[in-house]
Amino acid sequence: QVQLVESGGGLVQPGGSLRLSCVASGSVYDMGWYRQVPGKERELVALILYGGSTNYADSVKGRFTISRDSAKNTVYLQMNSLRPGDTAVYYCYAQLGIIFWGQGTQVTVSS
């Protein structure tokens, strides 16, 4: 069993930046971030595969950057030019044959 612990969420004004971090308790293959707002399905934000390739939702391309430190079993999400539409609970994702989820961290973009 792998546990994921997220940090870095909070309240930010439109146009601002936040950096999310997620530490896994053990080695994993792919890692990433999803987000969810009430009444909607959880959606992919960004993935970084074990080999280092990345995949982004169209809505965040050019604004968000995902990276990982495999030695620390940690994935990061740098979020720039944040918009009110980015407001959601952000969940860390990891895959090791089975899928693991973090507990979620709230990101609120509002003036």
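Determine, yes or no, whether residue 26 is in a loop (DSSP other than H, G, I, E, B) and surrounded by fewer than 16 Cβ atoms within 10 Å (Cβ to Cβ). Working first, answer last.
Values: in a loop (DSSP other than H, G, I, E, B): yes; surrounded by fewer than 16 Cβ atoms within 10 Å (Cβ to Cβ): yes.
Against the criterion (in a loop (DSSP other than H, G, I, E, B) and surrounded by fewer than 16 Cβ atoms within 10 Å (Cβ to Cβ)), residue 26 qualifies.
Would you confirm whether or not the stretch 16-23 contains a residue that is open to solvent by 30 Å² or more (accessible area, probe 1.4 Å), in contact (Cβ under 8 Å) with a residue 40 or more places away in the chain, within 12 Å of residue 89 (Cα to Cα) and under 15 Å from the mean Cα position of the chain (by Cα)?
Checking the stretch 16-23: not a single residue is open to solvent by 30 Å² or more (accessible area, probe 1.4 Å), in contact (Cβ under 8 Å) with a residue 40 or more places away in the chain, within 12 Å of residue 89 (Cα to Cα) and under 15 Å from the mean Cα position of the chain (by Cα).
List pairs: first in the stretch 83-111 and over 12 Å from residue 34 (Cα atoms), second open to solvent by 80 Å² or more (accessible area, probe 1.4 Å) and among the aromatic types (Phe, Trp, Tyr), Cβ under 6 Å, 6+ apart or cross-chain?
95/29; 96/29
When you scan the stretch 36-47, how many residues do you find that are part of a strand (DSSP E or B) and either of a type in the set (Gly, Ala, Ser) or surrounded by fewer than 21 Cβ atoms within 10 Å (Cβ to Cβ) (or both)?
5
Got a sec? Which strands (runs of 3 or more DSSP E) wholly within the stretch 71-111 have at least 2 residues that are modelled with pLDDT of 95 or more and more than 15 Å from residue 17 (Cα to Cα)?
Details: elements: 74-79, 88-95, 99-101, 105-109.
Once the strands (runs of 3 or more DSSP E) in the stretch 71-111 are filtered for at least 2 residues that are modelled with pLDDT of 95 or more and more than 15 Å from residue 17 (Cα to Cα), what remains is 74-79, 88-95, 99-101.
The values are calculated or read from the model by the stated rules, or taken from the named source; none is laboratory data. Fair warning: this is a prediction, and the values are worked out from it, not measured in the lab. Reconstructed Cβ throughout: ideal geometry from the backbone, glycine too, with neighbour counts over all protein chains shown. Side chains are part of the model used for accessible areas, which takes the heavy atoms of the whole protein and leaves out ligands, DNA and RNA. Shrake-Rupley method; radii C 1.70, N 1.55, O 1.52, S 1.80 Å.
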